[in-house]
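Scroll down for the structure; my scribbles are underneath it.
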Amino acid sequence: MAHRERLSVVQAYRFALDLTARQERAVLAHAGAARVAHNWALARVKAVMDQRAAERSYGIDEADLTPTQGWSLPALRRAWNQAKPVVAPWWRECSKEAFNTGLDPLARALKNWSDSRSGKRAGRPVGFPRFKSRRRCTPSVRFTTGAIRVEPDRKHVVLPRLGRLKLHESARKLARRLEAATARIVSATVRREGGRWFVAFCVEVDRAARTPEQPHVVVGVDLGVKHLAVLSTGEVEPNPRHLDAAARRLRRLARRVSRRVGPDRRTGRRASRRWERARGQLGRAHARVANLRRDGLHKLTTRLAREYGTILVEDLNVVGMLRNRRLARRIADAGFAELRRQLGYKTSWNGGRLVVADRWYPSSKTCSGCGAVKAKLALSERTYTCTTCGLTLDRDVNAARNLAALAAQASAAGSGPVAGRGADRKTRRAGPVAVKRQPGTATAGKTGTVPPQGGTSDQMLTKAS
Ligand SMILES: [Zn+2]
């Protein structure tokens, strides 16, 4: 019965591209157009703001001030469309989607900034949007309308204006879904990452709802520094430490780059070809590390989400931890935030749920045997020894057991059976899923911990005493 249920989710399919030189030039032209539109609109918003501020300081009446420039995407688009014949006389050469690619994130950035300033948006303060530089920004262009399709041979995709692009890998996974009419392409983004071109399709997928293999089992996952994760079952997921393995190569390549003649903006010196080549190698080495890391994380989170009904993780203050420089590299390497994000959407796909424990729940300091809480536990103490009951076990296993016990408590105490699935949850056309909260769990004062697609993440404010 549960297997008949369908679940509508938005997910991405990403494929590497093999662009011809001509296609690459076309994509870069579109990405450049996006940047021009972004920078023009930002300059315009700034100019109007400054103008109004100046007029106000002269004591001009509020009604006589220069009219405001709207920040919404339609308003920015209207302004751009009026200005483009003058600002960008070449505008016909690019798809209008290119300009949208630049204006859409600007509209969102301006909104985030003003919400953050007025206190409507929690979390760290959001800065005012900045101009995009050709040197620093990643070239990308997004198409939301027009002919976007995967060719029947599954080795080519068709995008508006860019035409038929060859894929480096088969798009069969997406093609199968499209042929079975269980997927609809919402948008396609072409982007360069680590010296390589990719196309990412944002797809609305109708998935069959699943049930985890062990729907009633609660597993606590402790994200550690020594290991990537430790499960309350005692299973230890070793830290892949791909960055460690590649660190020597990265260091060598970075040194090579620094020895060669790079660009200098003050003197106008151009970079040497040898510098460009070395920098390409360094970029590819970094990209490889990122790929390995992503692969390891996906394998772990898929396995966990398929297996267990409830997964409980700690709400780590990743930003705060990254500020601790000694731990920083390790933590960045392990990709904690990414792990939790993946667990968020994968549990919802698999019919399980993710529970995020309060940041201040002392999972490491509590004894999983008797519940006694230690006042202090140094990071160097790898073994937990309880002074009350004498329990001795691995520090991370102890923490994971505490988390599992906490999740079991939450299930028993009013949040009901694990039913976080399908029927009561609708995915919006785009953007994050509205989170349905189980009664008995609160969200007061908590932000930034619900994964973007986390339909099943609950917050626990239970404090163990
Ligand atoms: Zn104890």
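A short reminder: the numbers here are calculations on the coordinates, not readings from a lab. Keep in mind it's a predicted model, so treat the numbers as computed, not measured. Please note: Cβ atoms are built from the backbone with ideal geometry, for glycine as well, and neighbour counts cover all protein chains shown.
The table that follows gives values for the structure above.
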quantity	calculated
Cα gyration tensor shape for segment 1-96, rounded if a/c is under 1.5, else prolate or oblate	oblate
Residue exposure sequence - Ser140, Ser232 - by fewest surrounding Cβ within 10 Å	Ser140, Ser232
FRET efficiency estimate (nearest 0.05) - Cβ-Cβ, Gln51 to Arg249, R0 41 angstrom	0.20
Proximal aspartates and glutamates to Lys166, defined as alpha-carbon separation beneath 16 angstrom and excluding residues fewer than eight positions away on the same chain	Asp18, Glu24, Glu151, Asp153
Cross-link partners of Lys96 among aspartates and glutamates (Cα-Cα below 17 Å; sequence separation of 8 or more within a chain)	Asp104
Footprinting exposure proxy for Phe99, Phe336, Phe128 (fewest neighbouring C-beta atoms within 10 Å first)	Phe128, Phe336, Phe99
Set of aspartates and glutamates near Lys374 by C-alpha distance (under 19 Å), chain-local residues within fewer than 8 positions excluded	Asp222, Glu314, Asp358, Asp394, Asp396
Ranked list, fewest to most other Cβ atoms within 10 Å of each Cβ, for Cys386, Cys370	Cys370, Cys386
